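Each remark here refers to the structure printed beneath this line.
Every number in this text was worked out from the coordinates using simple rules, so none of it is lab data. Note that the structure is predicted; figures quoted are calculated from it, not measured. All Cβ positions, glycine included, derive from the backbone under ideal geometry; neighbour counts span all protein chains shown.
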Amino acid sequence: MLALAAALLASPAFAAAITVQKPWVRWLPAGLPAAGYATLVNGSDTPVSLVGARSPDYGSVMIHRSLDRGGMERMVMVNAIPVPPHSRAALAPGGYHLMLMQPRHAIRPGMRVSVRFEFSDGSTIDVAMPVRPANASG
Ligand SMILES: [Cu+2]
């Protein structure tokens, strides 16, 4: 009986490994790409990675990482953001972010955009991300 309960709790339908906390998007004017931020929390015993994201509000979403190269910040595309067991990974200014490009309609601060986070365990999480102005810090 206990073993059965443990098996049920361990199945994906009953326990999502990852939660997405404090999501937000930094809006930029003139149709420039926006950056999506959040904290990914892995409450499970196994490593999980963010491996993709898509949005009905943007034509293209990529995972980027900002790197400081001799005082010049540049961005590189990454395939995955690892989240170790019982740990968290931050998408935050100056580091990992979602690059939200080709908006499909006019997006302004105060709106919410919908983003589906896709994880290496096959799970997905749909997140309504509040859009904040260019000078927002969190
Ligand atoms: Cu970027």
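Here are the numbers for this structure:
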quantity: Among residues of the range 78-125, those that are in a strand (DSSP E or B) and either closer than 16 Å to L32 by Cβ or under 14 Å from the mean Cα position of the chain (by Cα) (or both), counted; calculated: 24
quantity: Residue match in the range 46-63 (condition: assigned to a strand (DSSP E or B), buried (at least 19 other Cβ atoms within 10 Å of the Cβ) and polar (S, T, N, Q)); calculated: yes
quantity: Yes/no for M129 being among the hydrophobic types (A, V, I, L, M, F, W, C), touching a residue at least 12 places away in the same chain (Cβ under 8 Å) and farther than 16 Å from V20 by Cβ; calculated: no
quantity: Any hit, the range 93-107, residues being in contact with a strand residue (DSSP E or B) (Cβ under 7 Å, 6 or more places away or on another chain), away from the ligand (no atom under 16 Å from the Cβ) and of a type in the set (D, E, K, R); calculated: yes
